[in-house]
Ligand code: BTN
């Protein structure tokens with residue numbers, strides 16, 4: 001980072017908070033930097049696309065209307081203790097999951113977040129591609145270095161789904177629901193997918209990366225998924241803050257994960273999760289490689305398994321690993 005730019009995100013955060021001019025003097029004192037450093041940081045922010053008025057004897061005023069989605073926006077709005085710190089934003093990556101795995105192998109710590117405006121090799125579940133054009137969507141991956149056994153790792157996907165559903169609701173008001181275990185849906189269509197990957201050595205988790213792709217403005221989908229996919233802007237009828245989606249999701253994830261670490265299961269979020277489960281109480285078809293079956297979805301248990309009540313009244317615990325669950329007449 002260039003000399004004088006260390007406090008850039010904090011300067012931006014303060015300017016965002018204030019409706020009137022903030023004097024250069026106040027910024028210098030608050031952040032313990034020189035006037036030149038403040039001036040350099042403001043100039044850099046302007047180069048990044050922020051509109052900042054600088055008036056002699058009054059100071060600086062942020063007059064931004066739209067969002068400048070990038071490193072400074074994310075850093076200045078990340079309101080968490082550990083989740084999302086540090087954040088690394090790229091204009092283009094092959095895949096945020098691939099980058100996060102490399103970072104994790106090279107010593108990145110728990111909470112580090114990789115985000116990109118575009119992915120050239122976005123990865124979906126079951127070896128599928130995840131369409132990741134520039135300028136329209138959100139792609140990010142969170143690194144965890146958990147101490148629990150590998151069998152518990154799939155539960156963090158459920159925590160992230162819950163966190164992103166909450167993040168979406170807070171950011172744009174859309175009624176986001178969870179399609180167990182990995183998808184978020186709005187009005188019955190998918191707006192978000194989650195891909196969790198981990199590295200295990202001698203029964204110990206080295207790291208887990210949780211990748212999240214949210215369709216924010218993407219309107220065109222490949223024919224295979226077009227009927228079951230949508231984006232937040234189409235559902236909300238207006239612009240949706242990409243940085244808002246990330247920072248709100250991180251805030252929620254931090255809270256859920258801290259609780260999960262203490263309890264070692266999903267007991268603490270069970271009620272909240274099941275209240276957002278899209279097909280709870282409805283008939284679902286479980287596509288199990290050992291044989292598909294139908295039943296009523298009764299919600300998840302503390303281990304993250306989906307409880308499906310079969311015709312004979314018996315409850316089957318469905319483990320996320322090998323199966324997918326569909327609504328009886330389609331995707332949800
Ligand atoms: C799915 O198939 O539903 C999961 C899609 C996950 C996509 C996200 S986008 C950010 C992260 N990087 C990737 O390459 N994939 C995940």
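The values are calculated or read from the model by the stated rules, or taken from the named source; none is laboratory data. Every value quoted in this text rests on a predicted model; they were computed, and no experiment measured them. Here Cβ is always computed from backbone atoms with ideal geometry, including for glycine, and neighbour counts include all displayed protein chains.
Annotation note: of 292, 252, the sole residue that is surrounded by fewer than 20 Cβ atoms within 10 Å (Cβ to Cβ) and either modelled with pLDDT of 95 or more or out of contact with any helix residue (DSSP H, G or I) (no Cβ under 7 Å at 6 or more places or on another chain) (or both) is 292. When segment 32-76 is filtered for residues that are in a loop (DSSP other than H, G, I, E, B), crowded, with 19+ Cβ neighbours inside 10 Å and modelled with pLDDT under 95, only 33 remains.
Results for (1) part of a loop (DSSP other than H, G, I, E, B); (2) touching a helix residue (DSSP H, G or I) at 6+ places or on another chain (Cβ under 6 Å); (3) free of Cβ contacts under 8 Å to residues at least 60 places away in the same chain; (4) surrounded by 20 or more Cβ atoms within 10 Å (Cβ to Cβ), shown as yes or no for each residue.
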site	(1), (2), (3), (4)
165	no, no, no, yes
185	no, no, no, yes
194	no, yes, yes, yes
205	no, yes, no, no
209	no, yes, no, yes
225	no, no, yes, no
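Residue 107 meets the conditions (1) touching a residue at least 40 places away in the same chain (Cβ under 8 Å); (2) out of contact with any strand residue (DSSP E or B) (no Cβ under 9 Å at 6 or more places or on another chain) in every case but one. The failed one is (1).
In the condition set (1) modelled with pLDDT of 95 or more; (2) away from the ligand (no atom under 13 Å from the Cβ); (3) not in a loop (DSSP other than H, G, I, E, B), residue 151 is compliant with all but (1). Is it the case that residue 121 is within 13 Å of the ligand (Cβ to nearest atom) and surrounded by fewer than 21 Cβ atoms within 10 Å (Cβ to Cβ)? Against the criterion (within 13 Å of the ligand (Cβ to nearest atom) and surrounded by fewer than 21 Cβ atoms within 10 Å (Cβ to Cβ)), residue 121 qualifies. Among residues of segment 167-183 being without any contact (Cβ under 8 Å) to a residue 40 or more places away in the chain and surrounded by fewer than 21 Cβ atoms within 10 Å (Cβ to Cβ), the one that is farthest from residue 240 (Cα to Cα) is 175.
Every residue, every condition in (1) under 27 Å from residue 17 (Cβ atoms); (2) assigned to a loop (DSSP other than H, G, I, E, B); (3) away from the ligand (no atom under 15 Å from the Cβ), yes or no:
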{"position": "79", "(1), (2), (3)": "yes, yes, yes"}
{"position": "84", "(1), (2), (3)": "yes, yes, no"}
{"position": "88", "(1), (2), (3)": "yes, no, no"}
{"position": "97", "(1), (2), (3)": "no, no, no"}
{"position": "100", "(1), (2), (3)": "no, no, no"}
{"position": "103", "(1), (2), (3)": "no, no, no"}
{"position": "107", "(1), (2), (3)": "no, yes, yes"}
{"position": "110", "(1), (2), (3)": "no, yes, yes"}
{"position": "115", "(1), (2), (3)": "yes, no, no"}
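Of everything listed in (1) surrounded by 15 or more Cβ atoms within 10 Å (Cβ to Cβ); (2) in a strand (DSSP E or B), the single unmet condition for residue 200 is (1).
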